[in-house]
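Structure record follows, encoded as structure tokens.
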Amino acid sequence: LTSLNDITKHSRHIFLSPHYDDVIFSCGGTIGVQLSSGVRPLVITVFGGVPSATTQLSSLAQQDHRDMDIAPVQGVGAAIELRRQEDQRVMEYLDLDYLWLDYLDAIYRGTPAYYPTKASLIGGDVNPSDLAIDRQLAQDLVALHERLPDAAWYAPLGIGRHVDHQLVCSAVDRLVQRNAKVYFYEEMPYVLEPGALDARLAELGGAFEPALVEMSEFLPVRIEASEMYTSRIRPDFGDVANMRRDFEQYTHSLRPVETVHLERYWTPR
């Protein structure tokens, strides 16, 4: 898909991914379950824009590019172009509908950079200049909800408080206020941090009910698709073996019975 206008009523399950890997890392098993039942989910990547060639990269953004083995000579947009190639491969492999929005990743926003350190990017507060993103994204999502009132939405809970995840979570709250069906997912790898989930639930302050999806049969699908995001495995998990172990152990820990693996969502009461 090329724009929000391309989304039709056959999209009954809409997954909002702040970045190109978040939904597959976190919800890949659920997507496998839906595909097996004949449903074709839609994945919308929000912060998918390519920064302009004149963008001055902060030291944090430069380090992010180095972690992805992107050389400065490749240009400012090389990291996003690579992530788009990976995402397209995953979406086509799974046969999903997908849409990339043009908001810039937080590491590319602001001159000087709004989020120059890892602590400001993950765990910090959203820069006031970014509240316009919150408003515009919320407006677009509400308009889409009005066209597709029966669609179920899957959105990041904001565990770990990455500013881009906070923005998407905040925008989706407007859907909650309109009684849309919203399921907040637990983001990998942030949910692995001890106490991070409870801290985020406490910060949001509302009452949430857990909803569990049994996806044992589709854990291999989630792992295989996630491995295709090659550039993010080392920064996010260290290596493929660690990623597999994290996925297997966390999804099993939610109900440690034999070979059961689950993905958990949180629904507002």
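Mind checking which pairs have a first residue in the range 97-124 that is without any contact (Cβ under 8 Å) to a residue 60 or more places away in the chain and a second that is assigned to a loop (DSSP other than H, G, I, E, B) and among the polar types (S, T, N, Q), Cβ under 6 Å, 6 or more apart or different chains?
What qualifies is Y108/T55; A113/S58; Y114/N127; P116/S58.
For the range 51-92, give me each residue that is in contact (Cβ under 8 Å) with a residue 40 or more places away in the chain, surrounded by fewer than 16 Cβ atoms within 10 Å (Cβ to Cβ) and part of a helix (DSSP H, G or I).
S59, D67, R89
So, in the range 151-204, how many residues would count as being buried (at least 19 other Cβ atoms within 10 Å of the Cβ), farther than 21 Å from L121 by Cβ and either of a type in the set (S, T, Y) or touching a Leu at 6+ places or on another chain (Cβ under 7 Å) (or both)?
5
Among the residues of the range 38-49, is there at least one that is part of a helix (DSSP H, G or I), within 26 Å of G158 (Cβ to Cβ) and not hydrophobic (A, V, I, L, M, F, W, C)? Walk me through it before giving the result.
Of all residues in the range 38-49, those part of a helix (DSSP H, G or I) come to none.
No, the range 38-49 contains no residue that is part of a helix (DSSP H, G or I), within 26 Å of G158 (Cβ to Cβ) and not hydrophobic (A, V, I, L, M, F, W, C).
Taking the range 93-117 only, how many residues are part of a helix (DSSP H, G or I) and either farther than 21 Å from V168 by Cβ or of a type outside the set (F, W, Y) (or both)?
Residues of the range 93-117 part of a helix (DSSP H, G or I): 93-94, 106-108.
Filter again for either farther than 21 Å from V168 by Cβ or of a type outside the set (F, W, Y) (or both), leaving 93-94, 106-107.
Residues that pass the stated criteria total 4.
Just to be sure, is D125 modelled with pLDDT of 95 or more, in a loop (DSSP other than H, G, I, E, B) and under 14 Å from H165 (Cα atoms)?
Details: modelled with pLDDT of 95 or more: yes; in a loop (DSSP other than H, G, I, E, B): yes; under 14 Å from H165 (Cα atoms): yes.
Answer is yes for this residue.
Checking S120 against (1) outside any loop (DSSP other than H, G, I, E, B); (2) hydroxyl-bearing (S, T, Y); (3) loosely packed, with under 14 Cβ neighbours inside 10 Å, which single condition isn't satisfied?
Condition (3) is where S120 drops out.
If a residue must be in contact with a strand residue (DSSP E or B) (Cβ under 8 Å, 6 or more places away or on another chain), under 25 Å from S129 (Cα atoms) and either touching a residue at least 60 places away in the same chain (Cβ under 8 Å) or not in a helix (DSSP H, G or I) (or both), how many such residues does the range 159-183 contain?
Count: 8.
The values are calculated or read from the model by the stated rules, or taken from the named source; none is laboratory data. Computed from a prediction, not measured in an experiment: that's the story for all the values here. Glycine gets a Cβ as well: all are built from the backbone with ideal geometry, and neighbour counts include every protein chain shown.
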